[in-house]
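Enquirer: Dumping the structure here so I can ask a few things about it.
The values are calculated or read from the model by the stated rules, or taken from the named source; none is laboratory data. None of these values were measured; they are calculated from a predicted model. Here Cβ is always computed from backbone atoms with ideal geometry, including for glycine, and neighbour counts include all displayed protein chains.
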């Protein structure tokens, strides 16, 4: 039962907004460094450098990834997520590089865990960085194959677990992939490796700068609408979340973030499980671009956008703002 509210003037909501101390005492949600996962882009030396469509974001070498992990640990960021920028010569139709034990991602995982063992390393499990067609799954006659792709993703997941990954992030949206990954992890002794499923991943235009960052924009043939979700659907997201939990996912993700806060809220209310959102490249780029043009206060909008995820029920956020936010939280300016 809702508490009885005194009528005005006995109840004045502005009393609790009078000063910073009172506002802090009444605050329902806060943003902390423990809420952050930092996505980074890893490349060979020739691919390193700024991502033009994502101001402030660089592709880094494996050595640079280790330095990023050291920076994250120093700031208290609990996890980083690796995305590879693959040499076009290694992109093939069979995507065999995806599960090679010495591929770029797996080398980065091992290097980071050797240097900064306390940081949690999250990975991306999908074929698009390795696929000459730019799709998350195998392509035959213009059709993205589900079951054959799932078998490949299970091999990819096992290779990443053996390299030392703490969190696997299946972003492919194939049916049945969580169960296949969990089975192969259990069969090979990786019982403690966690899975954060991109369970409600929408076919969104907000991913554009990311595809630039991983070199997939030019490779992609067609679109991803046959496997990523229709932006008009909400009930389907709950069905997908339930399925992935039943197949063995430990955590679930909604992607993109801000345009889908309603989905975050529904997921948390329905299941009460660890729920995350990805503040994707397009969201980041819009805030950065507007701030650079002087149209918004970048720091305040950055913080407000991230707090919105917490308010919507998220336990954490993947965001390119992570080191910037962590530093400002440490400095007490957010």
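Enquirer: (1) free of Cβ contacts under 8 Å to residues at least 60 places away in the same chain; (2) buried (at least 19 other Cβ atoms within 10 Å of the Cβ); (3) not in a strand (DSSP E or B): which one isn't true of residue 11, the others all being true?
Expert: (2)
Enquirer: Given the conditions (1) touching a helix residue (DSSP H, G or I) at 6+ places or on another chain (Cβ under 6 Å); (2) part of a helix (DSSP H, G or I), and given that residue 165 satisfies all but one, which numbered condition is not satisfied?
Expert: (2)
Enquirer: Check residue 334 against each of (1) closer than 15 Å to residue 237 by Cα; (2) touching a residue at least 60 places away in the same chain (Cβ under 8 Å); (3) outside any helix (DSSP H, G or I); (4) more than 15 Å from the chain's Cα centre (by Cα) and name the one condition it does not meet.
Expert: The number of the failed condition is (1).
Enquirer: Quick check on this structure: which one of 156, 173, 196 is in contact with a strand residue (DSSP E or B) (Cβ under 7 Å, 6 or more places away or on another chain), assigned to a helix (DSSP H, G or I), in contact (Cβ under 8 Å) with a residue 12 or more places away in the chain and crowded, with 22+ Cβ neighbours inside 10 Å? Working first, answer last.
Expert: Values: 173 fails: assigned to a helix (DSSP H, G or I); 196 fails: assigned to a helix (DSSP H, G or I).
When all the criteria are applied, what remains is 156.
Enquirer: Return the only residue of 248, 294, 332, 313 being at pLDDT 95 or above and surrounded by fewer than 16 Cβ atoms within 10 Å (Cβ to Cβ). Lay out the reasoning, then the answer.
Expert: Details: 248 fails: surrounded by fewer than 16 Cβ atoms within 10 Å (Cβ to Cβ); 332 fails: at pLDDT 95 or above; 313 fails: surrounded by fewer than 16 Cβ atoms within 10 Å (Cβ to Cβ).
Only one candidate qualifies: 294.
Enquirer: Looking only at the stretch 276-291, count how many residues are within 30 Å of residue 237 (Cβ to Cβ), more than 18 Å from the chain's Cα centre (by Cα) and crowded, with 17+ Cβ neighbours inside 10 Å.
Expert: 1
Enquirer: Here's something else I'd like to know. What number of residues within the stretch 48-60 satisfy the criterion of being touching a strand residue (DSSP E or B) at 6+ places or on another chain (Cβ under 8 Å) and surrounded by 18 or more Cβ atoms within 10 Å (Cβ to Cβ)? First the steps, then the outcome.
Expert: The first filter runs over the stretch 48-60 and keeps only residues touching a strand residue (DSSP E or B) at 6+ places or on another chain (Cβ under 8 Å), leaving 48-51, 57-60.
After this cut, where a residue has to be surrounded by 18 or more Cβ atoms within 10 Å (Cβ to Cβ) as well, the list is 51, 57, 59-60.
Total meeting the criteria: 4.
Enquirer: Moving on to the next point. Does the stretch 104-138 hold any residues that are in contact with a helix residue (DSSP H, G or I) (Cβ under 9 Å, 6 or more places away or on another chain) and without any contact (Cβ under 8 Å) to a residue 24 or more places away in the chain, and which are they?
Expert: If the condition is that a residue be in contact with a helix residue (DSSP H, G or I) (Cβ under 9 Å, 6 or more places away or on another chain) and without any contact (Cβ under 8 Å) to a residue 24 or more places away in the chain, then 114 is the only one that fits.
Enquirer: Restricting to the stretch 178-193, count the residues that are crowded, with 21+ Cβ neighbours inside 10 Å and part of a loop (DSSP other than H, G, I, E, B).
Expert: 1
Enquirer: Among the residues in the stretch 254-275, are any over 23 Å from residue 30 (Cβ atoms) and out of contact with any helix residue (DSSP H, G or I) (no Cβ under 9 Å at 6 or more places or on another chain)?
Expert: Within the stretch 254-275, not a single residue is over 23 Å from residue 30 (Cβ atoms) and out of contact with any helix residue (DSSP H, G or I) (no Cβ under 9 Å at 6 or more places or on another chain).
Enquirer: Take the conditions surrounded by 22 or more Cβ atoms within 10 Å (Cβ to Cβ), within 23 Å of residue 311 (Cα to Cα) and touching a strand residue (DSSP E or B) at 6+ places or on another chain (Cβ under 6 Å) and apply them to residue 214. Does it pass? Working first, answer last.
Expert: Working: surrounded by 22 or more Cβ atoms within 10 Å (Cβ to Cβ): yes; within 23 Å of residue 311 (Cα to Cα): no; touching a strand residue (DSSP E or B) at 6+ places or on another chain (Cβ under 6 Å): yes.
No; evaluated as a whole, the condition is false for this residue.
Enquirer: Sticking with this structure for a sec: Can you name the residue in the stretch 80-89 that is farther than 20 Å from residue 158 by Cα and touching a residue at least 40 places away in the same chain (Cβ under 8 Å) and is also surrounded by the fewest Cβ atoms within 10 Å (Cβ to Cβ) among such residues? Before you say what the answer is, go through the steps one by one.
Expert: Initial filter on the stretch 80-89 (farther than 20 Å from residue 158 by Cα): 85, 87-89.
Checking which are touching a residue at least 40 places away in the same chain (Cβ under 8 Å) leaves us with 85, 87-88.
On the way: 85: 21, 87: 14, 88: 10.
Applying the filter and picking the extreme gives 88.
Enquirer: Quick check on residue 74: is it out of contact with any strand residue (DSSP E or B) (no Cβ under 9 Å at 6 or more places or on another chain) and either modelled with pLDDT of 95 or more or not in a loop (DSSP other than H, G, I, E, B) (or both)? Steps first, answer last, please.
Expert: Working: out of contact with any strand residue (DSSP E or B) (no Cβ under 9 Å at 6 or more places or on another chain): yes; either modelled with pLDDT of 95 or more or not in a loop (DSSP other than H, G, I, E, B) (or both): yes.
For residue 74, the condition - out of contact with any strand residue (DSSP E or B) (no Cβ under 9 Å at 6 or more places or on another chain) and either modelled with pLDDT of 95 or more or not in a loop (DSSP other than H, G, I, E, B) (or both) - is met.
Enquirer: Now, a different point. Could you grab me the full set of residues in the stretch 226-284 that are part of a helix (DSSP H, G or I), more than 27 Å from residue 303 (Cα to Cα) and touching a strand residue (DSSP E or B) at 6+ places or on another chain (Cβ under 6 Å)?
Expert: 240, 241, 244
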